[in-house]
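What follows is one structure encoded as structure tokens, with my remarks underneath.
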Amino acid sequence: MTLKRVKISEDSEADLLIKSRRRCALCFGLENDFREKKGQIAHIDKNRSNSDINNLVFLCLDHHDRYDSSTSQSKGIKKKELIKYRDDLYSYIKKWGKVNSFNDGLDYLDELIDKFSLYAISDENSTLDFPFVAKNAACNHAIFIADNIFAIDRCGSSISESIKSSYQNTGISFFVPIGSIKSTLKQRLKVKDFYINFDISNEEIHQIEFGLNDEEGDGRFYFIDRGVNLIPEKSDSIELYISDKKIVDYVLETLGSLPLNFSNHIKQLNQ
């Protein structure tokens, strides 16, 4: 006997999409992937007549198809497993919302944004060509690490795919206050995003390359030499220079000795 499908109410559908932020519970639980996905609402018990909100979960198209087509013999995703991943996702989203709301608690570290997992290269033909790469659970920032490099930049889909195919998780994790930095830059200084690259040699930072994008989409780049002089790539107004120097000073102060300390740690891993 085929059970009659019960249409999910508009309120339940909206509630689920808001709670999940259109993030796939299985992408998050299995692959540490927090990116927004095209997907569908799935029934956890696979009973389409049971549209109770607690029996619903947002899945990407691929995972929805795989979950619905799995059988007990294929050792597919179990009901309790999916519920655990969904609840973990909801918990992370609550923390993520606290960071993005921007308040005075700038020392708050969020595991979704600020916790980075370290990966070691396993394929010498990788397009990234860094011995180590770290990415956060939100998959929106990556750190590229070598003996003399510590660079923070955005993590696009191509970088995520390269990490997935050419790197192995070392099991090492560490925190970088990306959430606090980005919130401050955006809310107080009207800067949308930043890029920073530390050139490290003999346990000293020799030069720093710093790039930023403002809310109008304009990008500016600076080099900081050993004398801590801020050198613009091109001539800008003195007012803009002074404002940008405050941004650079804030980012460097927030990161502190992390680049040097981590560079030394990487050397120990290579020994």
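Throughout, read-outs are computed from the coordinates displayed, never taken from laboratory work. As the structure is a prediction and not an experimental result, all values here were calculated from the model. Cβ: placed from backbone, ideal geometry, glycine included. Neighbour counts: every protein chain shown.
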> In the stretch 10-100, what is the volume of the convex hull around the alpha carbon atoms, normalised per residue and reported in Å³?
Replying inline: 94 Å³
> How large is ³J(HN,Hα) for each residue in the stretch 118-134, as worked out from phi by the Karplus curve 6.51 cos²θ - 1.76 cosθ + 1.60 (θ = phi - 60°), to whole Hz, x for Gly and Pro?
Replying inline: 9, 10, 9, 5, 10, 10, 5, 8, 4, 6, 6, 6, 10, x, 9, 9, 10
> How high is the FRET efficiency between Asn54 and Leu30 when r is their beta carbon distance and R₀ equals 30 Å, given to the nearest 0.05?
Replying inline: 0.90
> Stretch Asp88-Phe175 to full length: gain in nm at 0.36 nm per residue minus the Cα-Cα span?
Replying inline: 29.4 nm
> Efficiency by 1/(1 + (r/R0)^6): what FRET value for Gln168 and Tyr195, r their Cβ-Cβ distance, R0 = 22 Å, to the nearest 0.05?
Replying inline: 0.30
> What list do you get for His206, His43, His141 if you sort them by fewest beta carbons within 10 Å?
Replying inline: His206, His43, His141
>> From the phi angles alone, apply the Karplus equation (6.51, -1.76, 1.60; θ = phi - 60°) to the stretch 42-53 and give each ³J(HN,Hα) in whole Hz, x where the residue is Gly or Pro.
In response: 10, 8, 4, 8, 6, 9, 5, 8, 9, 9, 4, 4
> Taking the Cα atoms of the stretch 156-224, what is the range of coordinates along each of the three principal axes, in descending order and whole Å?
Replying inline: 37, 33, 21
> Which peptide among 193-200, 49-56 comes first, and what is the full order, when sorted by highest mean count of other Cβ atoms within 10 Å?
Replying inline: 193-200, 49-56
>> Among the listed pairs Lys38/Lys164; Lys38/Lys190; Lys7/Lys46; Lys79/Lys164; Lys19/Lys84, which have their C-alpha atoms separated by more than 23 angstrom in this model?
In response: Lys38/Lys190; Lys79/Lys164
>> I'd like the Karplus ³J(HN,Hα) series for the stretch 135-147: coefficients 6.51, -1.76, 1.60, θ = phi - 60°, whole numbers in Hz, and an x wherever there's a Gly or Pro.
In response: 9, 8, 5, 6, 6, 10, 9, 10, 10, 9, 10, 9, 4
> If we count every other residue with Cβ under 14 angstrom of Arg22's Cβ, Lys/Arg +1 and Asp/Glu -1, where does the sum land?
Replying inline: +3
